[in-house]
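Here the structure is laid out as C-alpha coordinates; the discussion comes afterwards.
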Amino acid sequence: MGHRVIQWGTGNVGFHSLHHIIRHPDLELVGVHAHSPEKIGQDAGSLCGLAPETGIVATNDIDALLTLDADVVVYTVKGETRPHEVVPELERILASGKNVVSTSMIFLIYPQHADASMREPLEKACQAGRVSLYVNGIDPGFSGDVLPLAALQLADQIDEIRVQELCDYSTYEDPEFTGVSFGFGRPADYTPPMARAGVLRAGWGGMVQLVADQLGVELDEIRESYDRRYAEAAFDTPMMHVAKGTCAAVRFVLEGMAHGRPVVVTEHVNRLRQDIAPDWPMPPDGRPGVHRCIVKGNPSVALECFVEGADGDHNTGGVQATALRVINAIQAVCDCAPGLVSTLDLPYTPSRNVVGGS
(Lines give C-alpha, C1' and ligand atoms only; values in the text may rest on other atoms or scores of the structure.)
Protein backbone atom coordinates (compact mmCIF):
# COMPACT_ATOMS: atom_id res chain seq x y z
CA MET A 1 0.00 0.00 0.00
CA GLY A 2 1.06 3.60 -0.60
CA HIS A 3 -0.72 6.49 1.05
CA ARG A 4 -3.16 6.05 3.92
CA VAL A 5 -6.37 7.94 3.21
CA ILE A 6 -9.42 9.24 5.08
CA GLN A 7 -12.48 9.96 2.93
CA TRP A 8 -14.36 12.97 4.32
CA GLY A 9 -17.86 13.15 2.88
CA THR A 10 -20.04 10.48 1.27
CA GLY A 11 -22.37 12.55 -0.90
CA ASN A 12 -22.45 13.13 -4.64
CA VAL A 13 -18.67 13.40 -5.16
CA GLY A 14 -17.74 11.41 -2.05
CA PHE A 15 -19.60 8.33 -3.31
CA HIS A 16 -17.34 8.14 -6.36
CA SER A 17 -14.23 9.21 -4.47
CA LEU A 18 -14.72 6.40 -1.97
CA HIS A 19 -15.24 3.89 -4.77
CA HIS A 20 -11.98 4.87 -6.50
CA ILE A 21 -9.95 4.95 -3.26
CA ILE A 22 -11.08 1.46 -2.22
CA ARG A 23 -10.20 0.03 -5.64
CA HIS A 24 -6.87 1.83 -5.99
CA PRO A 25 -3.83 -0.43 -5.40
CA ASP A 26 -1.65 2.44 -4.12
CA LEU A 27 -4.15 3.84 -1.62
CA GLU A 28 -5.25 2.40 1.71
CA LEU A 29 -8.56 3.59 3.15
CA VAL A 30 -8.25 3.96 6.92
CA GLY A 31 -11.28 6.10 7.82
CA VAL A 32 -14.55 7.58 6.56
CA HIS A 33 -16.39 10.64 7.83
CA ALA A 34 -20.13 10.77 7.21
CA HIS A 35 -22.68 13.34 8.29
CA SER A 36 -26.03 11.63 7.75
CA PRO A 37 -27.16 9.53 10.74
CA GLU A 38 -28.26 6.69 8.45
CA LYS A 39 -24.71 6.33 7.12
CA ILE A 40 -22.97 6.19 10.49
CA GLY A 41 -21.77 2.65 11.19
CA GLN A 42 -22.10 1.49 7.59
CA ASP A 43 -19.16 -0.18 5.90
CA ALA A 44 -17.31 1.99 3.38
CA GLY A 45 -17.90 -0.54 0.61
CA SER A 46 -21.66 -0.48 1.00
CA LEU A 47 -21.64 3.34 1.03
CA CYS A 48 -20.27 3.43 -2.51
CA GLY A 49 -21.95 0.40 -4.02
CA LEU A 50 -19.15 -2.12 -3.59
CA ALA A 51 -20.17 -5.53 -2.28
CA PRO A 52 -17.05 -6.69 -0.37
CA GLU A 53 -16.80 -5.23 3.11
CA THR A 54 -13.70 -3.19 3.83
CA GLY A 55 -13.88 -3.30 7.62
CA ILE A 56 -13.82 0.51 7.66
CA VAL A 57 -17.07 1.97 8.96
CA ALA A 58 -18.29 5.54 8.68
CA THR A 59 -18.24 7.79 11.73
CA ASN A 60 -18.93 11.40 12.62
CA ASP A 61 -16.34 11.33 15.44
CA ILE A 62 -13.82 13.91 14.24
CA ASP A 63 -11.47 13.42 17.19
CA ALA A 64 -11.26 9.67 16.49
CA LEU A 65 -10.56 10.25 12.81
CA LEU A 66 -7.83 12.78 13.51
CA THR A 67 -6.00 10.30 15.74
CA LEU A 68 -5.72 7.83 12.85
CA ASP A 69 -2.37 7.32 11.15
CA ALA A 70 -3.24 8.85 7.77
CA ASP A 71 -1.27 10.78 5.18
CA VAL A 72 -4.15 12.61 3.54
CA VAL A 73 -7.82 13.46 3.76
CA VAL A 74 -9.90 13.50 0.58
CA TYR A 75 -12.42 16.22 1.44
CA THR A 76 -15.57 16.26 -0.70
CA VAL A 77 -18.27 17.84 1.48
CA LYS A 78 -20.36 20.69 0.07
CA GLY A 79 -18.80 23.66 1.77
CA GLU A 80 -19.33 26.71 -0.44
CA THR A 81 -22.60 27.67 1.26
CA ARG A 82 -21.26 27.22 4.80
CA PRO A 83 -17.62 28.38 4.92
CA HIS A 84 -17.92 29.40 8.57
CA GLU A 85 -18.33 25.70 9.43
CA VAL A 86 -16.02 24.21 6.83
CA VAL A 87 -12.96 26.44 7.27
CA PRO A 88 -12.60 25.62 11.01
CA GLU A 89 -13.05 21.91 10.19
CA LEU A 90 -10.32 22.09 7.57
CA GLU A 91 -8.11 23.96 10.05
CA ARG A 92 -8.48 21.07 12.53
CA ILE A 93 -7.63 18.47 9.91
CA LEU A 94 -4.56 20.34 8.64
CA ALA A 95 -3.26 21.22 12.09
CA SER A 96 -3.46 17.54 13.03
CA GLY A 97 -0.76 16.82 10.44
CA LYS A 98 -2.86 15.50 7.57
CA ASN A 99 -2.62 16.79 4.03
CA VAL A 100 -5.94 17.63 2.37
CA VAL A 101 -6.97 17.29 -1.26
CA SER A 102 -10.41 18.80 -1.72
CA THR A 103 -13.16 19.26 -4.26
CA SER A 104 -14.84 21.60 -1.78
CA MET A 105 -14.22 25.32 -1.22
CA ILE A 106 -13.62 26.18 -4.86
CA PHE A 107 -12.66 29.70 -3.76
CA LEU A 108 -9.21 28.20 -3.04
CA ILE A 109 -8.43 26.75 -6.48
CA TYR A 110 -6.00 29.64 -6.89
CA PRO A 111 -5.21 30.56 -3.28
CA GLN A 112 -3.77 33.98 -4.14
CA HIS A 113 -7.21 35.00 -5.40
CA ALA A 114 -9.09 33.86 -2.27
CA ASP A 115 -10.28 36.23 0.43
CA ALA A 116 -7.69 36.67 3.18
CA SER A 117 -10.24 35.81 5.90
CA MET A 118 -10.38 32.30 4.42
CA ARG A 119 -6.86 31.94 3.13
CA GLU A 120 -4.87 33.08 6.16
CA PRO A 121 -6.25 30.73 8.85
CA LEU A 122 -5.85 27.76 6.53
CA GLU A 123 -2.30 28.77 5.65
CA LYS A 124 -1.53 29.02 9.37
CA ALA A 125 -3.01 25.55 9.96
CA CYS A 126 -0.89 24.13 7.12
CA GLN A 127 2.25 25.51 8.71
CA ALA A 128 1.24 24.17 12.13
CA GLY A 129 0.68 20.67 10.75
CA ARG A 130 3.53 20.84 8.21
CA VAL A 131 1.09 19.78 5.47
CA SER A 132 -0.56 21.11 2.31
CA LEU A 133 -4.07 21.85 1.05
CA TYR A 134 -5.00 21.47 -2.62
CA VAL A 135 -8.43 22.31 -4.06
CA ASN A 136 -9.47 21.35 -7.58
CA GLY A 137 -12.00 19.50 -9.74
CA ILE A 138 -13.08 19.46 -13.38
CA ASP A 139 -14.79 22.89 -13.47
CA PRO A 140 -13.74 25.00 -11.74
CA GLY A 141 -10.39 23.29 -11.93
CA PHE A 142 -9.03 21.23 -14.83
CA SER A 143 -10.93 23.10 -17.54
CA GLY A 144 -9.56 26.44 -16.35
CA ASP A 145 -5.98 25.52 -15.48
CA VAL A 146 -4.74 22.39 -17.30
CA LEU A 147 -6.58 23.01 -20.59
CA PRO A 148 -5.55 26.66 -21.09
CA LEU A 149 -2.00 26.05 -19.88
CA ALA A 150 -1.71 23.22 -22.41
CA ALA A 151 -3.25 25.25 -25.24
CA LEU A 152 -0.98 28.21 -24.59
CA GLN A 153 2.04 26.04 -25.36
CA LEU A 154 0.89 26.01 -29.01
CA ALA A 155 -0.26 29.63 -29.36
CA ASP A 156 1.14 33.10 -29.94
CA GLN A 157 -0.10 36.69 -30.43
CA ILE A 158 -2.99 35.99 -28.10
CA ASP A 159 -6.18 38.00 -28.37
CA GLU A 160 -8.44 36.03 -26.03
CA ILE A 161 -8.56 32.82 -24.01
CA ARG A 162 -12.06 31.43 -23.45
CA VAL A 163 -12.83 28.45 -21.20
CA GLN A 164 -16.28 26.90 -21.62
CA GLU A 165 -18.44 24.34 -19.87
CA LEU A 166 -21.41 23.59 -22.15
CA CYS A 167 -23.39 20.83 -20.54
CA ASP A 168 -26.84 19.26 -20.28
CA TYR A 169 -27.38 19.01 -16.51
CA SER A 170 -30.67 17.09 -16.70
CA THR A 171 -29.11 13.85 -15.44
CA TYR A 172 -27.14 15.56 -12.67
CA GLU A 173 -29.27 14.47 -9.72
CA ASP A 174 -28.33 17.24 -7.31
CA PRO A 175 -31.38 19.50 -7.01
CA GLU A 176 -30.70 20.50 -3.39
CA PHE A 177 -27.35 22.16 -4.15
CA THR A 178 -26.86 22.61 -7.90
CA GLY A 179 -30.54 23.17 -8.59
CA VAL A 180 -30.90 25.78 -5.87
CA SER A 181 -27.56 27.49 -6.60
CA PHE A 182 -28.21 27.82 -10.33
CA GLY A 183 -31.94 28.58 -9.91
CA PHE A 184 -33.16 25.63 -11.99
CA GLY A 185 -36.90 25.05 -11.71
CA ARG A 186 -37.42 28.45 -10.08
CA PRO A 187 -39.43 31.39 -11.43
CA ALA A 188 -37.95 34.66 -12.68
CA ASP A 189 -38.55 36.43 -9.36
CA TYR A 190 -36.23 33.98 -7.56
CA THR A 191 -32.65 35.23 -7.26
CA PRO A 192 -30.31 32.22 -7.22
CA PRO A 193 -27.19 32.48 -5.05
CA MET A 194 -24.90 32.39 -8.09
CA ALA A 195 -26.63 35.45 -9.58
CA ARG A 196 -25.68 37.62 -6.60
CA ALA A 197 -22.88 40.12 -7.14
CA GLY A 198 -19.44 38.72 -6.37
CA VAL A 199 -20.43 35.05 -6.06
CA LEU A 200 -19.17 34.07 -9.52
CA ARG A 201 -15.93 35.99 -9.00
CA ALA A 202 -15.36 34.14 -5.73
CA GLY A 203 -15.97 30.72 -7.30
CA TRP A 204 -14.61 30.99 -10.85
CA GLY A 205 -12.55 34.17 -10.70
CA GLY A 206 -9.54 32.22 -9.47
CA MET A 207 -9.35 30.40 -12.82
CA VAL A 208 -9.45 33.72 -14.66
CA GLN A 209 -6.77 35.23 -12.44
CA LEU A 210 -4.49 32.17 -12.68
CA VAL A 211 -4.45 32.30 -16.48
CA ALA A 212 -3.98 36.08 -16.50
CA ASP A 213 -1.02 35.73 -14.17
CA GLN A 214 0.51 33.08 -16.44
CA LEU A 215 0.07 35.45 -19.38
CA GLY A 216 1.71 38.25 -17.44
CA VAL A 217 -1.43 40.36 -17.93
CA GLU A 218 -2.63 42.73 -15.22
CA LEU A 219 -6.41 42.66 -15.18
CA ASP A 220 -8.34 45.89 -14.69
CA GLU A 221 -11.37 43.98 -13.41
CA ILE A 222 -13.29 40.72 -13.66
CA ARG A 223 -16.80 41.34 -14.96
CA GLU A 224 -19.58 38.86 -14.28
CA SER A 225 -22.97 38.30 -15.89
CA TYR A 226 -25.76 35.78 -15.27
CA ASP A 227 -28.67 34.99 -17.57
CA ARG A 228 -31.55 32.48 -17.50
CA ARG A 229 -34.04 30.99 -19.93
CA TYR A 230 -37.43 29.61 -18.93
CA ALA A 231 -39.43 26.55 -19.92
CA GLU A 232 -42.25 27.23 -22.38
CA ALA A 233 -43.93 24.00 -21.23
CA ALA A 234 -43.46 21.72 -18.22
CA PHE A 235 -41.15 18.71 -18.51
CA ASP A 236 -39.44 16.17 -16.26
CA THR A 237 -35.77 15.31 -15.85
CA PRO A 238 -33.84 13.01 -13.51
CA MET A 239 -32.72 16.15 -11.65
CA MET A 240 -36.19 17.64 -11.13
CA HIS A 241 -39.60 18.51 -12.51
CA VAL A 242 -39.41 21.77 -14.45
CA ALA A 243 -42.68 23.68 -14.39
CA LYS A 244 -43.75 25.99 -17.19
CA GLY A 245 -42.22 29.44 -16.76
CA THR A 246 -39.38 28.29 -14.51
CA CYS A 247 -35.64 28.30 -15.22
CA ALA A 248 -34.51 25.60 -17.64
CA ALA A 249 -31.11 26.95 -18.74
CA VAL A 250 -28.40 29.17 -17.28
CA ARG A 251 -25.54 31.06 -18.87
CA PHE A 252 -22.89 32.90 -16.88
CA VAL A 253 -19.74 34.63 -18.03
CA LEU A 254 -16.71 36.06 -16.25
CA GLU A 255 -14.53 38.39 -18.29
CA GLY A 256 -11.02 39.26 -17.22
CA MET A 257 -10.64 42.76 -18.71
CA ALA A 258 -7.34 44.24 -19.88
CA HIS A 259 -6.39 46.70 -22.61
CA GLY A 260 -10.05 47.70 -22.80
CA ARG A 261 -11.30 44.22 -23.82
CA PRO A 262 -11.91 40.71 -22.44
CA VAL A 263 -8.66 38.76 -22.46
CA VAL A 264 -9.42 35.79 -20.18
CA VAL A 265 -13.02 34.56 -20.20
CA THR A 266 -14.82 31.65 -18.54
CA GLU A 267 -18.30 30.78 -19.73
CA HIS A 268 -20.90 28.27 -18.54
CA VAL A 269 -24.02 27.20 -20.42
CA ASN A 270 -25.98 24.59 -18.51
CA ARG A 271 -29.34 23.30 -19.72
CA LEU A 272 -31.95 20.89 -18.41
CA ARG A 273 -32.95 20.02 -21.97
CA GLN A 274 -30.78 20.28 -25.04
CA ASP A 275 -33.22 22.30 -27.12
CA ILE A 276 -33.49 25.15 -24.58
CA ALA A 277 -31.70 28.40 -25.58
CA PRO A 278 -30.42 27.17 -28.97
CA ASP A 279 -28.87 30.58 -29.63
CA TRP A 280 -26.42 30.11 -26.74
CA PRO A 281 -23.16 28.19 -27.32
CA MET A 282 -23.72 24.46 -27.78
CA PRO A 283 -21.54 21.36 -27.40
CA PRO A 284 -20.61 19.53 -30.61
CA ASP A 285 -23.43 17.67 -32.37
CA GLY A 286 -24.20 14.36 -30.69
CA ARG A 287 -22.46 15.35 -27.47
CA PRO A 288 -24.40 16.26 -24.31
CA GLY A 289 -21.50 18.23 -22.89
CA VAL A 290 -17.99 19.54 -23.40
CA HIS A 291 -15.24 21.34 -21.53
CA ARG A 292 -13.48 23.50 -24.07
CA CYS A 293 -10.62 25.99 -24.21
CA ILE A 294 -10.34 28.33 -27.19
CA VAL A 295 -7.26 30.49 -27.67
CA LYS A 296 -7.80 33.18 -30.30
CA GLY A 297 -4.40 34.17 -31.61
CA ASN A 298 -1.86 33.45 -34.32
CA PRO A 299 -2.19 30.50 -34.44
CA SER A 300 -5.52 29.92 -32.71
CA VAL A 301 -5.91 26.71 -30.67
CA ALA A 302 -9.00 24.84 -29.45
CA LEU A 303 -8.95 21.90 -27.04
CA GLU A 304 -12.07 19.88 -26.14
CA CYS A 305 -12.53 17.46 -23.26
CA PHE A 306 -15.35 14.89 -23.01
CA VAL A 307 -15.96 12.67 -19.98
CA GLU A 308 -18.24 9.66 -19.60
CA GLY A 309 -18.91 7.45 -16.60
CA ALA A 310 -19.13 3.67 -16.63
CA ASP A 311 -22.91 4.08 -16.85
CA GLY A 312 -22.51 6.02 -20.10
CA ASP A 313 -23.58 9.34 -18.59
CA HIS A 314 -21.51 12.51 -19.01
CA ASN A 315 -22.55 13.94 -15.63
CA THR A 316 -21.44 10.77 -13.86
CA GLY A 317 -18.15 11.09 -15.70
CA GLY A 318 -17.86 14.71 -14.60
CA VAL A 319 -18.37 13.86 -10.94
CA GLN A 320 -15.86 11.02 -11.17
CA ALA A 321 -13.36 13.30 -12.90
CA THR A 322 -13.82 15.91 -10.18
CA ALA A 323 -12.90 13.34 -7.53
CA LEU A 324 -10.02 11.88 -9.52
CA ARG A 325 -8.51 15.28 -10.23
CA VAL A 326 -7.57 15.48 -6.55
CA ILE A 327 -7.11 11.75 -5.86
CA ASN A 328 -4.51 11.53 -8.63
CA ALA A 329 -2.69 14.49 -7.05
CA ILE A 330 -2.27 12.84 -3.62
CA GLN A 331 1.38 11.86 -4.12
CA ALA A 332 2.34 15.30 -5.44
CA VAL A 333 0.49 17.16 -2.68
CA CYS A 334 2.05 15.02 0.04
CA ASP A 335 5.47 15.83 -1.46
CA CYS A 336 4.79 19.61 -1.51
CA ALA A 337 6.23 22.11 0.93
CA PRO A 338 3.62 23.02 3.56
CA GLY A 339 0.99 25.53 2.53
CA LEU A 340 -1.91 26.22 0.20
CA VAL A 341 -1.05 24.98 -3.29
CA SER A 342 -2.53 25.27 -6.78
CA THR A 343 -2.05 23.34 -10.01
CA LEU A 344 0.94 25.61 -10.70
CA ASP A 345 2.76 24.12 -7.71
CA LEU A 346 2.31 20.50 -8.79
CA PRO A 347 4.03 18.36 -11.39
CA TYR A 348 2.09 16.34 -13.95
CA THR A 349 -0.27 14.11 -11.94
CA PRO A 350 -1.48 11.20 -14.12
CA SER A 351 -3.31 8.13 -12.92
CA ARG A 352 -1.09 5.05 -13.02
CA ASN A 353 -3.85 2.64 -12.02
CA VAL A 354 -3.78 0.39 -15.09
CA VAL A 355 -6.37 -2.39 -15.18
CA GLY A 356 -4.60 -5.73 -14.75
CA GLY A 357 -1.44 -4.05 -13.46
CA SER A 358 0.34 -4.98 -10.28
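The values are calculated or read from the model by the stated rules, or taken from the named source; none is laboratory data. Worth saying up front: this structure is predicted, and the values here are computed from it rather than measured. Note that each Cβ is placed from the backbone with ideal geometry, even for glycine, and that neighbours are counted across all protein chains shown.
A few comments on the model shown:
- Top-ranked residue of segment 97-141 - restricted to ones that are charged (D, E, K, R) and under 26 Å from residue 252 (Cα atoms), ranked as modelled with the lowest pLDDT: 115
- Pair list, Cβ < 6 Å and 6+ apart or interchain, from segment 201-224 residues that are under 23 Å from residue 103 (Cβ atoms) to residues that are among the aromatic types (Phe, Trp, Tyr): 202/107; 206/110; 209/110; 210/110
- Only strands (runs of 3 or more DSSP E) whose full extent lies in segment 88-177 are considered here, and the ones with at least 1 residues that are among the acidic types (Asp, Glu), within 30 Å of residue 242 (Cα to Cα) and under 15 Å from the mean Cα position of the chain (by Cα) are 160-168.
- Residue within segment 210-226 that is modelled with pLDDT under 95 and on the phi > 0 side of the Ramachandran plot present: no
- Spans of helices (runs of 4 or more DSSP H) in segment 1-68 with at least 1 residues in contact (Cβ under 8 Å) with a residue 60 or more places away in the chain: 12-22
- Whichever residue in segment 329-358 is among the hydroxyl-bearing types (Ser, Thr, Tyr) and within 20 Å of the chain's Cα centre (by Cα) and, among such residues, is surrounded by the most Cβ atoms within 10 Å (Cβ to Cβ): 343
- Looking across 86, 131, one residue alone is among the hydrophobic types (A, V, I, L, M, F, W, C), closer than 16 Å to residue 326 by Cα and in contact with a strand residue (DSSP E or B) (Cβ under 9 Å, 6 or more places away or on another chain). It is 131.
- Criterion (modelled with pLDDT under 95, in the same structural domain as residue 104 (by TED's automatic domain parsing), surrounded by 15 or more Cβ atoms within 10 Å (Cβ to Cβ) and over 22 Å from residue 172 (Cα atoms)) met by exactly one of 52, 83: 83
- Test: residue in segment 17-25 that is hydroxyl-bearing (Ser, Thr, Tyr), at pLDDT 95 or above, within 24 Å of residue 125 (Cα to Cα) and not assigned by TED's automatic domain parsing to the domain that holds residue 174: no
- For segment 106-129, a residue qualifies if it is free of Cβ contacts under 8 Å to residues at least 40 places away in the same chain and touching a Phe, Trp or Tyr at 6+ places or on another chain (Cβ under 8 Å), and exactly one does: 118.
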